[in-house]
Amino acid sequence: MEFSQGNVKTFKNNEDLLNLVEFISRLDCLLSPDTGNVHIADYLRIPTLEIVRESAKRRWQGGGWGGVCECVVLPKGWYEDEEGFAKIFLQRAKDFLIQNLT
């Protein structure tokens, strides 16, 4: 299925962390940069595809609670090929959704 307005959601928190936890608990999967959202989803065993800097990846091993956490790792200087990494992430996201939602 192509990405569309109907199946992609953006959440703006009102500073109540429990609202964010509740929202994430209802997801089928999460596509996110390296934020607290990823850690919440990991704890709740929500399949996650995350964009993470190489330096942070060495400190973070998602999936520690028994769920699925895959990463697109951005090496130092990634912004020099920002378009290339965007394409990599979009392809990985499509593959990830097919694998985890079918």
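The values are calculated or read from the model by the stated rules, or taken from the named source; none is laboratory data. No experiment lies behind these values; they were computed from the predicted model shown. Backbone-built Cβ (ideal geometry, glycine too); neighbour counts: all protein chains shown. SASA here: full protein model, heavy atoms, side chains in, ligands and nucleic acids out. Shrake-Rupley method; radii C 1.70, N 1.55, O 1.52, S 1.80 Å.
For the stretch 24-51, a residue qualifies if it is open to solvent by less than 60 Å² (accessible area, probe 1.4 Å) and over 18 Å from Leu97 (Cα atoms), and the qualifying residues are Thr35, Gly36, Ile40.
Are any of the residues in the stretch 54-61 open to solvent by 60 Å² or more (accessible area, probe 1.4 Å), more than 17 Å from Gln99 (Cβ to Cβ), modelled with pLDDT of 85 or more and not small (Gly, Ala, Ser)? No, every residue in the stretch 54-61 fails to be open to solvent by 60 Å² or more (accessible area, probe 1.4 Å), more than 17 Å from Gln99 (Cβ to Cβ), modelled with pLDDT of 85 or more and not small (Gly, Ala, Ser). Looking across the stretch 79-90, the residues that are without any contact (Cβ under 8 Å) to a residue 12 or more places away in the chain and open to solvent by less than 100 Å² (accessible area, probe 1.4 Å) come down to Asp81, Gly84, Ala86, Leu90.
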